[in-house]
Amino acid sequence: MSQLGAVDVEISVLLGRSKMPIAQFLRMGRGAVIPLDSNESELCWILANGHPIARGEIVIKGERIAITITETADSNEYFAAA
């Protein structure tokens, strides 16, 4: 178990996705807004080393943003949306 505790796992949260031409992306400057394919009521994806492991909802606690895990991830659903 001690070896397992030394393994690093990168956790990331995917709020949504967007597709746009690279030329449009390169024209964006500071303060530009990139529209995402999700809305505030949708669950976000929680990824471990780029692999979906759970879904969750965004929680704001003071000045911190957190994610509450609500369900396990369906990998097929995640990759189908890509």
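Give the range of the longest stretch in the chain that excludes all trypsin sites (Lys or Arg not before Pro) found in loop regions by DSSP and having at most 14 other beta-carbon atoms within 10 Å.
Working: sites that count: Arg17, Lys19, Arg30.
Answer from the scan: 31-82.
Could you work out how far apart the two model spin labels at Ala6 and Asp37 are, taking each label as a point 7 Å from the Cα in the direction of the beta carbon, and quote it in nm?
A separation of 4.1 nm, rounded to one decimal place.
With the dipole of the chain worked out from charges on the C-beta (+1 for Lys and Arg, -1 for Asp and Glu) around the Cα centre, which of Asn39, Tyr78, Val9 lies farthest toward the positive end?
Value: Asn39.
How large is the dipole of the chain about the Cα centre if only Lys and Arg carry +1 and Asp and Glu carry -1, each at its Cβ, rounded to the nearest 20 debye?
Charge dipole, the chain, about its Cα centre: 420 debye, nearest 20.
In bins 10 Å wide, starting from 0, what share of all Cα pairs of the chain does each bin hold, as a percent?
That works out to 14, 36, 33, 14, 3, in percent per bin.
Run the numbers on segment 8-81 and let me know its relative contact order in percent, using alpha-carbon pairs under 8 Å that are six or more apart. Can you show the working numbers first?
Numbers: 99 pairs, mean separation 20.1, N = 74.
Once divided by the residue count of segment 8-81, the mean separation gives 27 percent.
All of the numbers you see were taken from the coordinates with simple rules; none came from a lab. Given the structure is predicted, the values throughout are model-derived calculations rather than measurements. Cβ atoms come from the backbone with ideal geometry, glycine included; neighbour counts cover every protein chain shown.
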